[in-house]
1. Put a dot 7 Å past each Cα toward the Cβ at V89 and E146; how far apart are the dots in nm?
2. Roughly how many Å² is the accessible area per residue of the range 133-280, as a whole number, for a 1.4 Å probe?
3. Calculate, for E156 and A33, the FRET efficiency according to 1/(1 + (r/R0)^6) with r their C-beta to C-beta distance and R0 25 Å; round to the nearest 0.05.
4. Short version: ³J(HN,Hα) in whole Hz for each residue of the range 30-39, in order, from phi by Karplus 6.51 cos²θ - 1.76 cosθ + 1.60 (θ = phi - 60°), x for Gly and Pro, what are they?
5. Once Rh is set to the Kirkwood radius over Cα pairs, what Stokes-Einstein translational diffusion coefficient, in µm²/s, holds for the range 161-280 at a temperature of 10 °C and a viscosity of 1.306 mPa s?
6. Whose amide H sits under 5 Å from the amide H of S13, counting only residues 5 or more places off or on another chain, with H placed in the peptide plane?
7. Would you please give the residues with an amide H less than 5 Å from that of G210, counting only those at least 5 places away or on a separate chain, with H modeled from the backbone geometry?
8. Among the trypsin sites (Lys or Arg not before Pro) in the range 190-280, which ones are in a DSSP loop with at most 15 other Cβ atoms within 10 Å of the Cβ? Mind listing them?
Amino acid sequence: MPRNSPPAQPPASVATPAATLRFASGRPELASAEVAVEAAINIVYGNLPYAVMMATPSDLEDFVAGFSLTEGIVQSVDEIRGIAVAPQVDGIVVTVELAPGRFREHLARRRNLSGRTSCGLCGVEALADLPSAEARGKAAMPITAEAIRSALGALERHQPLHRLTRSVHAAAWCARDGTILAAREDVGRHNALDKLIGARLRAGHDAGAGFVLVTSRASFELVEKTAIFGAGALVAISAPTSLAIERAKALGLTLVCVARDDSAIVFAGRLADTVEAGAP
């Protein structure tokens, strides 16, 4: 798939004047802070606008590739013929060229979405339109507690934008031993995961060879996206929702949440050498 040159995309953060207030003295001190850029990303398939997403304008080709898969626009990255990124005055237009047959199918199921950085289901008009992954045909090889601990310990080193701004989420792809092989950041947790999925798809990576780690709560859609990608486990540093747990169990996905340096809670599936979640 053709790639755009990185300079075509705006910076992910900007230096912004600010004032630091020291509570002890009560006096503000002039300073400068790095702030994460949030931009309107207009995703267009062919010549038809599909969605306006509020996202951090980095790794946009990865973003739309992952978004296209998890939204059901494409079944594989091979159905994307090209991606063009075009910054505009009021946002960025990302145009995706689909294979002819896939574009015709897209026209038949086209729906209108409003911009979003958190709720992944805005614009869905009926329950039947909810994204739905298929249950795993066979159980994924369990990951270990040590692998999770190792990935958590290394995660901050893979979050350069968060170190600058303290305001973005990350999604990381981890090998079975916990080594972080790739990470993507965005103001939206769903966007970060779509970027990560797109990056791994475009690199031809085997989704069954590791697990996903996210710096957010585990919601229904994060579980769905992880399962659609084909990964067998999702680890989140915050808590899950009830629907996320139900879907993880139904899909055969291992779901580990509230992951900390010294502990984690297994809500679905199991870790290696442990009992399955919910078992007596």
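1. With each label placed 7 Å out from Cα toward Cβ, I get 6.0 nm.
2. Counting only protein heavy atoms, the per-residue value for the range 133-280 is 42 Å².
3. So the FRET efficiency works out to roughly 0.85.
4. So the J values, rounded to whole Hz, are 5, 8, 10, 10, 7, 10, 5, 7, 10, 10.
5. Working: Rh = 14.2 Å.
D = 112 µm²/s.
6. Sorted by chain and number, the residues that satisfy this are V37.
7. Amide H neighbours of G210, under 5 Å, 5+ apart: G232.
8. On the way: sites: K195, R200, R202, R217, K225, R247, K249, R260, R270; in loops: R217, R260, R270.
Passing sites in the range 190-280 are R260.
The values are calculated or read from the model by the stated rules, or taken from the named source; none is laboratory data. Everything numeric here is computed off the predicted structure, so don't read it as measured data. Ideal geometry is used to build each Cβ from the backbone, glycine not excepted, and the neighbour counts take in all protein chains shown. Note: areas computed on protein heavy atoms with side chains; ligands, DNA, RNA excluded. Shrake-Rupley method; radii C 1.70, N 1.55, O 1.52, S 1.80 Å.
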